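Scroll down for the structure; my scribbles are underneath it.
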Amino acid sequence: VDVFQAWCGPCKPVVNLFQKIRNEVVSNLLHFAVAEADSIDALEKYRGQCEPVFLFYTGGELVAVVRGADAPLLQKTILKQL
């Protein structure tokens, strides 16, 4: 889940990275979502930050967090979690 704030906006290069990874990794386990922290109460702790936060869930449990748009780290984390 790409968590962002409306005033900062989603990170477009990261969306492109997600699309690239999705095309390269054929897996029904891989799903991407984007969530605006300002409009979701459960994401309140991520408000006030100017960097995106990426939350990785497996079976409904948070298993990893990546802060910032670090493409190599995001790709590594996605592949590790798969």
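The values are calculated or read from the model by the stated rules, or taken from the named source; none is laboratory data. Since this is a predicted model, take the numbers as computed values, not measurements. Cβ placement follows ideal geometry from the backbone for every residue including glycine, while neighbour counts extend to all protein chains displayed. For the accessible areas, the whole protein counts, side chains as well, though only heavy atoms, and no ligand, DNA or RNA atoms are used. Shrake-Rupley method; radii C 1.70, N 1.55, O 1.52, S 1.80 Å.
Brief remarks on what is shown
- Heavy-atom accessible area order for 4, 54, largest first, 1.4 Å probe: 4, 54
- Cut-off 14 Å, label 7 Å out along Cα→Cβ of residue 8, residues of the stretch 37-71 by amide N: 37-39, 43-55, 66-70
- The length gained by stretching the chain between residue 71 and residue 27 to full extension, at 0.36 nm per residue less their Cα-Cα distance, is 13.9 nm.
- Where 2, 41 fall by accessible area, highest first, once all protein chains stay in place (1.4 Å): 41, 2
- Across the stretch 2-81, the relative contact order, built from alpha-carbon pairs under 8 Å that are at least six residues apart, equals 34 percent.
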